[in-house]
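Novice: Below is one structure. I have some questions about it.
Read the figures in this text as sums done on the coordinates, not as results from a lab. Please read all numbers here as calculations on a predicted model, not as lab measurements. Note that each Cβ is placed from the backbone with ideal geometry, even for glycine, and that neighbours are counted across all protein chains shown.
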Amino acid sequence: MSTEGSTRAIIAAMLANLGIAIAKFIAFVFSGSSSMLGEAVHSLADTGNQLLLLRGGVASRKAADAEHPFGHGRERYVYAFVVSIILFSIGGVFSIYEGVDKIQHPHELSIPWLPIVVLIVAMVLESFSLRTAVRESNHTRGKDSWVQFVRHAKAPELPVVLLEDVAALNGLVLAFLGVGLTIITGNSVFDGIGTLAIGVLLVLVAIVLAVETKSLLVGEGASPADTTSIRDAINAEKEVEALIHMKTLYLGPDELLVAAKVAFSPKMRLSDVATAIDSLEARVREAVPIARVIYIEPDIYITPNEGNPSTDAIVIRSTD
């Protein structure tokens, strides 16, 4: 559901941005509005970004091999990070450059009504794209606020599309104000100020995207709720004396690695330990289905009063 929803949101955003980019370029050519040029480049960059997100989804589904034994799930994070760089460099920096140039060298608009019409149509199309992204995000957002969803989502596509659409709508409003004030006052400096504001907006959004995606690239563990579910599933196994140590890591948006050191009775036979581990893995996967790669290390827990325990000997028990 998450992958299909992400793809629908990406395609909706891509088609909307492609049509909007063409319309904005036409409006720029006939009107000479720098705000329209900045917005056209923004929409063109967004279209390329959506293509990159789709490419990342395809690349992430490649089978594991000797060089990448855990698969290619993180390809989606890599492409999402590249999107943030493109949004910053092409969309943001170019718009800032154009805005400064227009402020320094203002010129009158030709056919001033054309940018206004294109901007209104673009707002309608971007609103449809944003609505699709919001609808698909609601399938996985749960009770999280939108800020929490963007910060904690493990699948990067929906947060990226959401931020791009919000930035696009705000950019259109800024362009509308810049062009509108230019038409009303006859002062083209307002058009340049609108373009500059669009550039600053895009740079800020790109920074947010880069920071959040970088965290996923470096490696994030399971959420507190999933960590608790995994811990409780392990502790529920009757043969387990203690969960000594556990670490988790997202191998991709839909695949979680779980590594745990678990204490069993020293009196258990090896075959019984193996059976208990199989049962543990089944319990963990039932509790958290995305926990697909699980490594259980059997051990014997030694209390601090019984010699010199290893630094890993930290009992983690459910508080229930």
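Novice: Build a GNM of the chain with springs between Cα atoms under 10 Å: which of Ser229, Ser271, Ser137 gets the top mean-square fluctuation?
Specialist: Highest fluctuation among the options: Ser271.
Novice: Mind checking the full-extension length gain between Val93 and Val121? Use 0.36 nm per residue of separation minus the Cα-Cα distance, one decimal, nm.
Specialist: Contour length minus Cα-Cα distance gives 7.6 nm.
Novice: Restricting to Cα atoms and excluding each atom paired with itself, what does the Kirkwood estimate give for the chain in Å?
Specialist: 22.3
Novice: Given a 10 angstrom Cα cut-off, can you work out which residue in Leu280, Leu172, Leu44 is the most mobile in a GNM of the chain?
Specialist: Leu280
Novice: Compute the FRET efficiency between Ser110 and Thr185 as 1/(1 + (r/R0)^6), taking r as their Cβ-Cβ distance and R0 = 22 Å, and round to the nearest 0.05.
Specialist: Efficiency computed from Cβ-Cβ geometry: 0.85.
Novice: Let me ask another. Could you compute how fast the range 224-299 diffuses translationally, taking Rh as the Kirkwood radius over C-alpha pairs and applying Stokes-Einstein at 25 °C with viscosity 0.890 mPa s? Give it in µm² per second.
Specialist: Details: Rh = 12.4 Å.
Taking Rh from Cα pairs, D becomes 198 µm²/s.
Novice: Per residue of the range 189-200, what does 6.51 cos²θ - 1.76 cosθ + 1.60 with θ = phi - 60° give for ³J(HN,Hα)? Whole Hz please, x for Gly and Pro, Karplus curve as stated.
Specialist: Running phi through 6.51 cos²θ - 1.76 cosθ + 1.60 with θ = phi - 60° gives 4, 4, 5, x, 5, x, 5, 4, 5, 4, x, 4 Hz.
Novice: Now a separate question. Report the extension gain between His139 and Leu169 in nm, rounded to one decimal, defined as 0.36 nm multiplied by the number of residues separating them, less their alpha carbon distance.
Specialist: Extra length available between His139 and Leu169 comes to 8.5 nm.
Novice: Can you count the Lys pairs in the chain with C-alpha separation below 30 Å, eight or more apart or on different chains?
Specialist: 17
Novice: Tally Lys and Arg at +1 and Asp and Glu at -1 over the other residues with C-beta under 11 Å from the C-beta of Val161: what net charge comes out? Intermediate values should be presented prior to the final figure.
Specialist: Details: positive: Arg8; negative: Asp46, Glu136, Glu157, Glu164, Asp165.
With Lys, Arg at +1 and Asp, Glu at -1, the neighbours total -4.
Novice: Need the full-extension length gain, Asp272 to Glu297, defined as separation in residues times 0.36 nm minus the C-alpha distance. One decimal, nm.
Specialist: Additional length available on full extension: 7.6 nm.
Novice: Say each of Val58 and Arg8 gets a label point 7 Å from the Cα, pointing the same way as Cα to Cβ; how far apart are those two points in nm?
Specialist: For Val58 paired with Arg8, the spin-label model returns 2.2 nm.
Novice: For every other residue with a beta carbon closer than 14 angstrom to the beta carbon of Leu119, add +1 if it is Lys or Arg and -1 if Asp or Glu, then tell me the sum.
Specialist: -2
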